[in-house]
Amino acid sequence: MRANELLTIEGRNDGGLAYENTVLQALAAAQVPGLEFKADTSAGFSNQGAGDVEATYNGRAFNIEIKSGAKDQMGGTSVRADFDRNIFEIVNLEAVDPAAVPYYKAAVESKKEAFMNWKAFVQQQEPVELHANMPNAIPPGPVEKEAWTTAQQQGLLIPFNAREKFDNVSAIVQHYNKKGVYYIQLGGAGLFYLGKDDIGLGVPPLEAQMQIEFGFRPSGSKPNVKYNVRTVGAGYRCQGRLMSKIKSPYTLDNAESIRTLFNQ
């Protein structure tokens, strides 16, 4: 790829695209013999392709996932949960980095007890007939507006509104390895390998946490004629974030560092 082609890339329209272009500009400026590369131009997060930058070095694959920061978001959405059947479905899946999906599901699954406590309380609130057949699921169906507010005042939403951290990022590594991606570049932290240093660059392994920020939220308000009350819906919002505190001696957003990495 030539440097004057780099800014024509379309696809991700957030800060990640700008940072990806920074990496591409640095790769072009480094002029490392044997290093060829192109960008993934798909929109948003994708299961397709082999990383945000598909590269080869002396004919060997050197595919790279790009994150704009060491605390980069991995997509936000809501999750549907059926606690009886242990089924958890990501809404708007294309808005979520596929590598984060197992963590979203695990975070929601861990909140079954909190949901059951909330449900038991709501079912005691008027009109009890409205709440009687509430499923063990999210969304739980209509909830009388004052019942929702009272449950919130009782602190029953606090267990939902939390940050869940997962120290084991093996699911992230496995996801990218299946795509043929063994390297990840984090803005401000540098280049790391995923699972193995596939082409022997001497960069450190990724050490990170997956943090899920989530909350049980009301949605909308409408009248219920039968019971002469106003009701709200409820959804479970999730936001994933990759959390890393380590720093690599090499980075792909600086041409000099790239040349040092490849001993040029």
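The values are calculated or read from the model by the stated rules, or taken from the named source; none is laboratory data. Quick caveat, the model's predicted, so the values are computed rather than measured. Please note: Cβ atoms are built from the backbone with ideal geometry, for glycine as well, and neighbour counts cover all protein chains shown.
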- Task: Under 7 Å between Cβ atoms, at least 6 apart or on separate chains: pull out the pairs that start in segment 83-98 with a residue that is at positive phi and end on any residue that is in a strand (DSSP E or B).
- Result: ASN92/THR77
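Yes or no, residue by residue, for (1) touching a helix residue (DSSP H, G or I) at 6+ places or on another chain (Cβ under 9 Å); (2) touching a residue at least 24 places away in the same chain (Cβ under 8 Å):
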{"position": "GLY188", "(1), (2)": "no, yes"}
{"position": "GLY200", "(1), (2)": "no, no"}
{"position": "GLY220", "(1), (2)": "no, no"}
{"position": "ASN224", "(1), (2)": "yes, yes"}
{"position": "ARG230", "(1), (2)": "yes, yes"}
- Message: I'd like to verify a number: residues in segment 139-173 that are farther than 21 Å from SER68 by Cα and either touching a Cys at 6+ places or on another chain (Cβ under 8 Å) or assigned to a helix (DSSP H, G or I) (or both), how many?
- Response: 9
- Query: Somewhere in segment 52-72, is a residue modelled with pLDDT under 90 and over 23 Å from LEU206 (Cα atoms)?
  - Reply: no
- Note on the structure: Listed by first then second residue, the pairs whose first member lies in segment 156-169 and is crowded, with 17+ Cβ neighbours inside 10 Å, whose partner is among the small types (Gly, Ala, Ser) and assigned to a strand (DSSP E or B), with beta carbons under 7 Å and at least 6 positions apart or on separate chains, are PHE160/GLY215
- Query: Can you name the condition, by its number, that ILE184 falls short on among (1) out of contact with any Gly (no Cβ under 8 Å at 6 or more places or on another chain); (2) surrounded by 22 or more Cβ atoms within 10 Å (Cβ to Cβ); (3) farther than 20 Å from ALA55 by Cα?
  - Reply: (3)
- Determine if segment 146-154 includes at least one residue that is within 27 Å of the chain's Cα centre (by Cα) and surrounded by fewer than 15 Cβ atoms within 10 Å (Cβ to Cβ). no
- Number of the condition not met by VAL32 [criteria: (1) surrounded by 15 or more Cβ atoms within 10 Å (Cβ to Cβ); (2) at pLDDT below 95; (3) assigned to a loop (DSSP other than H, G, I, E, B)]: (2)
- Would you check if there is a residue in segment 230-246 being modelled with pLDDT under 95, surrounded by 14 or more Cβ atoms within 10 Å (Cβ to Cβ) and not in a strand (DSSP E or B)? yes
- Message: Step by step: first the residues of segment 63-113, then only those that are touching a Lys or Arg at 6+ places or on another chain (Cβ under 6 Å) and in a strand (DSSP E or B), then the one that is surrounded by the fewest Cβ atoms within 10 Å (Cβ to Cβ). Which residue is that?
- Response: GLU89
- Task: Please specify each residue of segment 176-230 satisfying the condition of being hydrophobic (A, V, I, L, M, F, W, C), within 20 Å of ILE246 (Cα to Cα) and out of contact with any strand residue (DSSP E or B) (no Cβ under 8 Å at 6 or more places or on another chain).
- Result: ALA189
- Query: Say we look at segment 196-217 and pick out the residues that are aliphatic (A, V, I, L, M) and over 18 Å from LYS67 (Cα atoms); which of these is surrounded by the fewest Cβ atoms within 10 Å (Cβ to Cβ)?
  - Reply: ILE199
